[in-house]
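The values are calculated or read from the model by the stated rules, or taken from the named source; none is laboratory data. Since the structure is predicted, the reported quantities are computational estimates derived from the model, not experimental observations. Please note: Cβ atoms are built from the backbone with ideal geometry, for glycine as well, and neighbour counts cover all protein chains shown.
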Amino acid sequence: MERPELPLPQLHAFVVLAEELHFGHAATRLGIAQPPLSQQIRRLEDKVGYALFSREPGRVTLTPAGRELLPAARHALTSLADGLVAAREVGSGRVGRLRIGFAASLALTVLPGLLRTFRERFPAVHLDIHEMTTTPQLAALHDRTIDIGLLREPPADDAELGFETVLTEPFVAVLPSVHPLAAQRTVRVEQLADSPFVLLPRAVGPQLHDQITSLCTAAGFTPQVAQHAVEWPTVCALVETGLGVSLAPASTRRIRLKGVAFRRIEPKTARTRVAVAWRKNDPNPLVARLLATLGQDPPDRTPSTPTAPAQRRRPKS
């Protein structure tokens with residue numbers, strides 16, 4: 001059965017007249033003259049196929065067909081009004097869903113403060129958080145399965161994505177607490193040459209992996225990898241068991257393991273970057289909201305230098 005099209009002005013006129021049961025009063029409430037109101041009702045009745053009102057001198061009442069239509073008409077108008085409000089809220093970036101990927105170690109640095117601040121500003125936004133290493137985050141951004149990435153050592157160039165540094169931090173040596181070098185306050189990278197290493201697989205973060213191995217190469221040796229681990233807490237746990245040593249971002253010192261010692265390294269100039277990543281020209285207003293929370297430029301720009309707020313969030317080294 002073909003469903004009749006019911007224009008919203010006709011439904012609105014019908015509901016108002018059903019409430020007023022007086023053409024003059026209903027026309028005044030609608031802000032129109034009485035003849036146009038009568039025309040709207042007649043058109044609606046033509047579409048329904050039956051009279052909706054009984055018109056008698058000095059009296060207007062709903063027919064059985066009108067009484068049946070009234071709840072549905074009210075529901076339709078209310079649903080539309082609610083939908084318009086919801087659409088405006090989503091369009092303004094005050095509500096909606098934002099999917100965020102983050103590297104696990106960032107739960108020790110920027111992530112908690114960022115999420116807390118964003119939720120305080122936009123409590124109606126649903127945050128969908130995904131723990132992911134750098135390479136999966138980049139793939140998820142391209143696949144549009146996340147909207148924002150928080151990752152370490154972004155690629156040098158990506159035509160579709162924007163990147164901005166939000167934090168830099170030095171590296172530290174991660175040692176079993178019984179390791180001879182744990183007695184020192186500072187460890188020279190070359191002193192690690194004879195120790196096996198626990199490292200992240202290159203596939204999950206190529207730039208960070210290469211940065212760590214380059215530190216070793218510059219110190220005159222190639223690290224002998226005894227074990228790989230995908231996340232820094234696992235790296236530290238394997239170091240605690242004595243499987244090897246590692247070089248890690250300084251924030252890993254917040255991973256509390258009794259059998260692990262974290263020591264500053266020489267050279268001190270080596271630092272790792274944490275960046276926010278997004279799709280350029282992403283129309284989702286929540287992306288711009290989150291970037292603003294971080295103090296970054298909106299997603300239709302490709303900034304190239306860290307902002308002052310990001311520099312103030314460096315952890316103590």
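Odds and ends about this structure:
- Of all the residues in the range 179-202, those that are closer than 27 Å to D157 by Cα and either among the aromatic types (F, W, Y) or part of a loop (DSSP other than H, G, I, E, B) (or both) number 2.
- Residues of the range 203-224 satisfying the condition of being free of Cβ contacts under 8 Å to residues at least 40 places away in the same chain and either crowded, with 16+ Cβ neighbours inside 10 Å or in contact with a Pro (Cβ under 7 Å, 6 or more places away or on another chain) (or both): H209, T213, C216, A219, P223, Q224
- T241 being among the hydroxyl-bearing types (S, T, Y) and within 30 Å of D143 (Cα to Cα): no
- Of all residue pairs spaced 6 or more apart or on separate chains, those with beta-carbon atoms under 6 Å, a first member in the range 59-70 that is farther than 12 Å from V15 by Cβ and touching a residue at least 24 places away in the same chain (Cβ under 8 Å) and a second member that is among the hydrophobic types (A, V, I, L, M, F, W, C) and surrounded by 17 or more Cβ atoms within 10 Å (Cβ to Cβ) are V60/F53.
- Leading residue by the ranking (nearest to F23 (Cα to Cα)) among those in the range 57-71 that are exposed (fewer than 13 other Cβ atoms within 10 Å of the Cβ) and at pLDDT 90 or above: T61
- So T133, is it within 12 Å of the chain's Cα centre (by Cα) and either surrounded by 17 or more Cβ atoms within 10 Å (Cβ to Cβ) or over 12 Å from V204 (Cβ atoms) (or both): no
- Matching entry among Q39, Q34 (being in contact with a Gly (Cβ under 7 Å, 6 or more places away or on another chain) and either at pLDDT below 90 or polar (S, T, N, Q) (or both)): Q34
- Hits in the range 154-178 (condition: surrounded by fewer than 22 Cβ atoms within 10 Å (Cβ to Cβ) and assigned to a loop (DSSP other than H, G, I, E, B)): P155, A156, D157, D158, A159, E160, S177, V178
- Taking the listed residues A81, A104, A76, the one that is at pLDDT below 90, closer than 30 Å to T145 by Cβ and either surrounded by 12 or more Cβ atoms within 10 Å (Cβ to Cβ) or outside the structural domain of D282 (by TED's automatic domain parsing) (or both) is A104, with no other qualifying.
Per-residue answers, yes or no, for (1) more than 30 Å from L138 (Cα to Cα); (2) outside the structural domain of L111 (by TED's automatic domain parsing); (3) more than 28 Å from the chain's Cα centre (by Cα):
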site: A173; (1), (2), (3): no, yes, yes
site: T186; (1), (2), (3): yes, yes, yes
site: F197; (1), (2), (3): no, yes, yes
site: P201; (1), (2), (3): no, yes, no
site: A226; (1), (2), (3): no, yes, yes
site: V235; (1), (2), (3): no, yes, no
site: A261; (1), (2), (3): yes, yes, yes
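- Lone unmet requirement of (1) surrounded by 14 or more Cβ atoms within 10 Å (Cβ to Cβ); (2) modelled with pLDDT under 90 for E5: (1)
- Residue match in the range 96-112 (condition: within 19 Å of the chain's Cα centre (by Cα) and in a loop (DSSP other than H, G, I, E, B)): yes
- Any hit, the range 120-135, residues being at positive phi and out of contact with any helix residue (DSSP H, G or I) (no Cβ under 9 Å at 6 or more places or on another chain): no
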